[in-house]
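Presented below is the structure to which this report refers.
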């Protein structure tokens, strides 16, 4: 009988199985992290588009007409679709502006923003 030390084949196979399960879990977490980062980037860019649209509307010298308008803009190499709802408020000198932004061709609203515009006298 020899006094050789080492691992048996069964021990090596069990160790490889445990290692492979850990590697698969790490790859899955990495994939989910990348997807979350991409979704966060899309929401951030959509928020920028909404803010830009609201600022353009509030800064425009002419009064806004009540109703819904839609447009498309490019930002960061992507097309974005915005929808702007203008509504009267209880005060005739103040108009409410609601902006919703989606990725072009997408039904999911990624950003919403509301603001108000006073009428100049």
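Values quoted throughout were computed directly from the atomic coordinates according to the rules given, and no laboratory measurement underlies them. Keep in mind the model is a prediction, meaning the values are calculated, not measured. Please note: Cβ atoms are built from the backbone with ideal geometry, for glycine as well, and neighbour counts cover all protein chains shown.
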Inter-probe distance in nm under a simple model that places probes 7 Å from Cα toward Cβ, at residue 78 and residue 96:
2.9
Separation of segment 63-86 and segment 1-42 by C-alpha centroid, Å?
48
In the list (i) 105, 27, 20; (ii) 33, 30, 23; (iii) 117, 28, 22, the entry giving Cα extents along the principal axes in Å computed from the coordinates is (i)
At 7 Å along Cα-to-Cβ for each site, give me the label-to-label distance between residue 68 and residue 109 in nm.
1.0
Pairs of alpha-carbon atoms within less than 8 angstrom and 6+ residues apart define the contacts here; what relative contact order does the chain have, in percent?
20
Quick one: go through segment 37-74 and flag any residue whose amide nitrogen is under 13 Å from the point 7 Å out along the Cα-to-Cβ line of residue 87.
66-68
